[in-house]
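Chemist: Encoded as structure tokens, here's the structure I'll be asking about.
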Amino acid sequence: MSRKPTIVLVHGAFADGSGFRAVAQRLVAAGYPVIAAPNPLRGLSADAAHLRALLDSVDGPVVLAGHSYGGAVISAAAAGSTEVTALVYLAAFVPAAGESVQSLVERFPGSTVGESLRPVPLPDGQADLYIDPAVFHPNFAADVPADQAALYAITQRPATGAALGEPAAGAQAWQTIPSWTLISGADRILPPAAQHFMAERCGATVEVVENASHLVFVSYPATAVALIEKAAAR
């Protein structure tokens, strides 16, 4: 019997690894080794380097799954990898070289992210960006129960403006590694049109959840797991 790949889950901005709890529970029950990777959210190249170091410590094949900004991180971190066998994008950014998360958001209408952000100035002149808790539920997690969304707002981790604005550089993993994309059809952070555009560009196998918010893997964990398992089975 062949060994199952390790599933490495990478959260995006305004989130942390705890959001993957229901997904991880299902994957572990199905016999997969699972790692919820910490994403520093400080800068795309730096975050990708942190993830690549973690990937280098994993024995055997890996399936990488990234949410939102985490999609940009896995695209950079897995470039040139011989161990990453599949990429799974969960309402995620899939930039080409020269594109940033910010530029992809601005390319298509419909995102509320700009009006939702609450900046906290840092001593180095940068700013940490949070989703304002007052709009976290309607704009970020509309299909998650309000009490759960409130907890996600409390535990969110900020990204720097530099991270969201840093362009991807060099070859991206999706250019050589097969990819799967879960599109959140009612997303108010990353417009569905942008998700379709990126999925088509990278030749991804696509599944759409029409009524899903940006936290599609929280509201539809079984759907996210089924897509990850399809990627793992190739």
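The values are calculated or read from the model by the stated rules, or taken from the named source; none is laboratory data. Worth saying up front: this structure is predicted, and the values here are computed from it rather than measured. So basically every Cβ, Gly included, is an ideal-geometry build from the backbone, and we count neighbours across all protein chains shown. The accessibility values were calculated without ligands, DNA or RNA, using every heavy atom of the protein model including side chains. Shrake-Rupley method; radii C 1.70, N 1.55, O 1.52, S 1.80 Å.
Chemist: Is it fair to say residue 186 is surrounded by fewer than 19 Cβ atoms within 10 Å (Cβ to Cβ), of a type in the set (A, V, I, L, M), over 16 Å from residue 88 (Cα atoms) and in contact with a helix residue (DSSP H, G or I) (Cβ under 8 Å, 6 or more places away or on another chain)?
Modeler: Against the criterion (surrounded by fewer than 19 Cβ atoms within 10 Å (Cβ to Cβ), of a type in the set (A, V, I, L, M), over 16 Å from residue 88 (Cα atoms) and in contact with a helix residue (DSSP H, G or I) (Cβ under 8 Å, 6 or more places away or on another chain)), residue 186 qualifies.
Chemist: Only one residue in 193, 222, 171, 226 is of a type in the set (A, V, I, L, M), surrounded by fewer than 20 Cβ atoms within 10 Å (Cβ to Cβ) and free of Cβ contacts under 8 Å to residues at least 60 places away in the same chain, so which one is that?
Modeler: Checking each option against the conditions leaves just 226.
Chemist: For residue 162, work out the one condition from (1) touching a Gly at 6+ places or on another chain (Cβ under 6 Å); (2) open to solvent by less than 30 Å² (accessible area, probe 1.4 Å) it doesn't fulfil.
Modeler: It fails just one condition, (2).
Chemist: So if I check each of 77, 46, which one is crowded, with 22+ Cβ neighbours inside 10 Å, over 22 Å from residue 215 (Cα atoms) and either more than 11 Å from the chain's Cα centre (by Cα) or modelled with pLDDT under 95 (or both)?
Modeler: 77
Chemist: Follow-up question, since we're still on this one. Could you list all residues from segment 1-12 that are aliphatic (A, V, I, L, M), within 29 Å of residue 163 (Cα to Cα) and either out of contact with any Phe, Trp or Tyr (no Cβ under 6 Å at 6 or more places or on another chain) or surrounded by fewer than 24 Cβ atoms within 10 Å (Cβ to Cβ) (or both)?
Modeler: Selection gives 8, 10.
Chemist: Considering only residues that are open to solvent by 30 Å² or more (accessible area, probe 1.4 Å) and outside any helix (DSSP H, G or I), look in segment 128-158 and name the one that is nearest to residue 188 (Cα to Cα). Explain how you work it out, then say what you get.
Modeler: Our first condition is that a residue be open to solvent by 30 Å² or more (accessible area, probe 1.4 Å); within segment 128-158, this holds for 130, 132-135, 137-138, 142-143, 145-148, 150-152, 154-155, 157.
Okay, now just the ones that are also outside any helix (DSSP H, G or I), so 130, 132, 142-143, 145, 157.
Working: 130: 16, 132: 14, 142: 9, 143: 11, 145: 16, 157: 19 Å.
This residue is 142.
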